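Laboratory data are not the source of any read-out in this text; all were calculated from the coordinates shown. These numbers were taken from a predicted model, which means no experiment stands behind them.
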Amino acid sequence: MDENSRRADAPVLVLASLAAGAKHGYAITQDIAEQVGVTLGPGTLYGIIARLEERGLIRALPSDDRRRPYELTAAGADALAERSRQLRKVADLGLKRLRTAGTA
């Protein structure tokens, strides 16, 4: 995956990680790396978290230690579902056209 794709998809990756349950930043990073092989740096991750929180797509939970967990909101789940449907359409179209061209 190239750098531009990673940047564009990173918020979706964070939302998808949180769809499995509340996590703190390091756990989000580890989950994304394990599931899709993309490593987000701390600056990238916490910038995305701040933007998603500002948009009401995730929320911070109370913390018992220095790690702050985040959870997906209902609006975040809706946004993730919509973006996932869009990405599926793009993937399906690309694969269909590659098959038609005989390159897949």
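Just a few scattered comments:
- Principal-axis tilt of helix 74-100 within the chain, Cα atoms, nearest 10 degrees: 20 degrees
- Compared with the dominant Cα axis of the chain, that is its longest principal axis, helix 3-19 is turned about 60°.
- Relative to the longest principal axis of the Cα atoms of the chain, helix 25-36 runs at roughly 20 degrees.
- P(r), alpha carbons of the chain - 5 Å bins starting at zero, rounded %: 2, 12, 21, 22, 18, 10, 6, 4, 3, 1, 0, 0
- Potential lengthening between Ala74 and Thr103 on full extension [0.36 nm per residue; Cα-Cα distance subtracted]: 6.4 nm
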